[in-house]
Structure formats: structure tokens, C-alpha cells
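The values are calculated or read from the model by the stated rules, or taken from the named source; none is laboratory data. A quick note: this is a predicted structure, and the numbers were derived from the prediction, not measured. When we count neighbours, we look across all protein chains shown, and the Cβ atoms used for this are built from the backbone with ideal geometry, even at glycine. What goes into the accessible areas is simple: the full protein's heavy atoms, side chains included, and nothing from ligands, DNA or RNA. Shrake-Rupley method; radii C 1.70, N 1.55, O 1.52, S 1.80 Å.
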Amino acid sequence: MDLLQRKDRCRERLLVLTLIFGWCLGSVRCFGQSLDSELTFLLPAGRSECFYQTALKNGSMEVEYQVIAGAGMDVDFIIFTPENIAVVIESRRSDGVHVVEPTEAGDYQICFDNGFSRFSEKTVFFEIIIEGQGGDVGGDDEWTGLEEPDGSLLEYKLDDIRESMDSLYRRLERSRQMQTVLRAFEARDRNLLEDNLWRVSFWSCASVLVMLCVALTQVYTVRKLFDDKRRVCS
């Protein structure tokens, strides 16, 4: 009897491990199909650029943008629905975060306008985070057909493993998104510091040149005052 019970336990463990391994292989394909996207592009002076993002019905779409380089560090920002209705309008902003929910099924239009600037081009970073209804993006289908074996003696159930893996994936994805946003902040601050450094260096050199010119002029003027060319007869 003990031998039969041990064999049954081994079979149950092997079955659960096989299911977990199969889910892990499928999750690699599932995680690679994320609808999230990010892009850094150059917006020329006096022009506008629009991008299209497909959204799910009754889901949510989060758009975050940063102007990381360019004079003024600002752009106009607009989001249009698939019916060409403007749901978000911002003017002359350097950054922003907007959430559209619930979304309609279709292609949303995300536009950046630099028409007010005639000479300065801008470098813009933006990120789009898409979530389906209930906050999941295509992860439920991978669990279809996976059933927990009856009479399992293992401590963890398949549902618990699924919940833990999904929670871990969402947190890792959010960490990746936050790191991307922080890199955009760092790039903007670096460009701003470099621009300020160039201005400080330029005006410092200009001030030094002006001081040298003033000093030479003063020396020349003083020497002219004491330069007596009259001859003294003895």
C-alpha cells in the first residue's frame, strides 16, 4: 500500500509540474504580445506629428509624454477617439499623463503639435499603456484547459500559482515602464543642464573679453594722459 501511495503522489507531482512547465512556455508567447509601446522622436519646427494606437473596448489607455529637448521644452498635445472626437487637449506643456477609460474599439490618434515654434525642433518621448477589460492583456487564454488534478497533496494549487505569476508579471511590467519614464526624465534634465552649461560658458567668455577690453582701454587712456610730448628748453 505504501508503495502504491508513493507512486500516486509521484504521478500527481509530475502532472502538476508538467502543467506549470507548459504554462511557462505559453506565457513567453503571451507576454511578448503586449500592446504597450514607447517611442522617442524628433518633432520639427512648425509641424505636427500624429500616431495611431489600437485600443480594446471597455479597456483603458494611459498616455504619458515628455519633451526632453528643444527650446521652451513644450508642445501641444491632443488625443482623438476613433470617431475623431478630441478627448484630451493640452497647450504648451512639457509633460503630462492622461488616462482614457472606458475606451472604444478602434484606432486612437495621438498628436503632438509644434506649430507655434518657427525655429526650434523638439525631442519628444511618449509611452502608451493599454489594458483590456478587467486589467488583463491576453493572459487568460493560456490557462484554458489547465485543470488541477483531483486529490493533489501539494501545498500550492494551480490557481495560486497562476495568481502569483500574473501578479509578478504585472509588477515587472510596471517596473519596466517606470524605469523608461525615469530615463526620459534623466534625458530631459541632462539636455537642460547641457544647454544651461553652454549659456553660462558663452556669457562667461563674453564677460571676460569685455573686461579685458575695458582694462586695455583704461591703461591706454591713463598712458595718454601722462604722455607729454612738449620739449623743455634748458
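General observations
- The stretch between residue 54 and residue 71 holds 2.9 nm of extra length on full extension. This uses 0.36 nm per residue minus the Cα-Cα distance.
- Restriction of the GluC sites (Glu not before Pro) in the range 165-234 to DSSP coil positions whose beta-carbon has at most 14 other beta-carbons within 10 angstrom yields no sites.
- Residue order for 213, 50 - accessible surface, 1.4 angstrom probe, largest first: 213, 50
- The trypsin sites (Lys or Arg not before Pro) found in the range 72-131 that occupy coil by DSSP, while having at most 12 further C-beta atoms within 10 Å, are 118.
- Cleavage-rule hits (chymotrypsin sites (Phe, Trp or Tyr not before Pro)) in the range 162-226: DSSP loop, at most 10 neighbouring Cβ within 10 angstrom: 226
- The spacing between the range 116-130 and the range 59-78, judged by their C-alpha centroids, is 6 Å.
- In range of the label at residue 118: residues from the range 53-85 whose backbone nitrogen is under 20 Å from the point 7 Å along Cα→Cβ: 70-76
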